[in-house]
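J.: Supplied in C-alpha cells, the structure appears directly below.
The values are calculated or read from the model by the stated rules, or taken from the named source; none is laboratory data. Since this is a predicted model, take the numbers as computed values, not measurements. Ideal geometry is used to build each Cβ from the backbone, glycine not excepted, and the neighbour counts take in all protein chains shown.
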Amino acid sequence: MIEYQKILDKNMLNVFKDILKNIKDNGLSNNNHLYITFLTNHKNVELPNWLKKNYPQEMTIIIQYEYYDLEINKNNFSITLSFDNIKTNLKINYNAIVSFADPSANFGLILQKNKIQKKVNKKLENNKSKKDNVINFSNYKKN
C-alpha cells in the first residue's frame with residue numbers, strides 16, 4: 001500500500017526546511033516574513049518556562065526583523081528571537097510544526113492537519129460523552 005499522506009507530509013516538511021535554509025543563507029527581502037505555528041507542549045521543543053506558561057499548547061512566532069542564530073538541524077531548528085526585549089533561544093522540533101506562512105508572498109502550508117483534526121474530534125467526542133451522561137429531567141416532569 002502506498003502511504004500518500006506520509007509521502008506528502010515528508011515533502012511539505014522538506015519545503016519548510018528549504019525555506020529556513022534560504023532565510024539562513026540569504027536573509028529576508030521583499031517584505032518576506034514567516035509565521036510559524038508550533039506545539040509548545042511537544043516533548044522535543046525547548047522553550048523557557050515563562051514562554052511555556054504563557055503558551056501551554058501552541059505558539060506562533062514571526063521571523064522578520066529581529067532574529068538571530070538561525071540553525072537548521074536534521075530534526076529541529078533553533079533560533080533566537082526577542083520577546084519584550086529579552087533575547088530568547090527556541091529549539092523547535094520539525095514534528096511540532098503545525099503550519100507556516102509568508103503573508104507577503106501569499107504562501108503557506110498546514111503540516112499537522114491530521115493531528116489538529118484528531119484533536120478537534122477528540123474534544124467533540126469528550127463533549128458528546130459528557131452530554132450522554134446528563135439526564136434530562138424535563139422528560140420526567142409531572143403535568
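J.: Are there any pairs with C-beta distances below 8 angstrom linking a residue in segment 72-98 that is more than 20 Å from PRO56 (Cβ to Cβ) to a residue that is of a type in the set (Phe, Trp, Tyr) and exposed (fewer than 14 other Cβ atoms within 10 Å of the Cβ), with the two at least 6 apart or on different chains, and if so which?
T.: ILE79/TYR68; THR80/TYR68; LYS87/TYR68
J.: While we're on this one: Do we find that ILE62 is closer than 24 Å to LEU13 by Cα and at pLDDT below 90 in this structure?
T.: Yes, satisfied.
J.: Sticking with this one: Give segment 23-34 a look and list any residue that's under 14 Å from SER104 (Cβ atoms) and part of a helix (DSSP H, G or I), or say none.
T.: Residue satisfying the conditions is ILE23 alone.
J.: Name every residue in segment 1-59 that is more than 18 Å from ASN95 (Cα to Cα) and touching a residue at least 40 places away in the same chain (Cβ under 8 Å), in order of residue number.
T.: ILE23, LYS24, ASN30, ASN31, ASN32, HIS33, PRO48 - these are the residues of segment 1-59 that are more than 18 Å from ASN95 (Cα to Cα) and touching a residue at least 40 places away in the same chain (Cβ under 8 Å).
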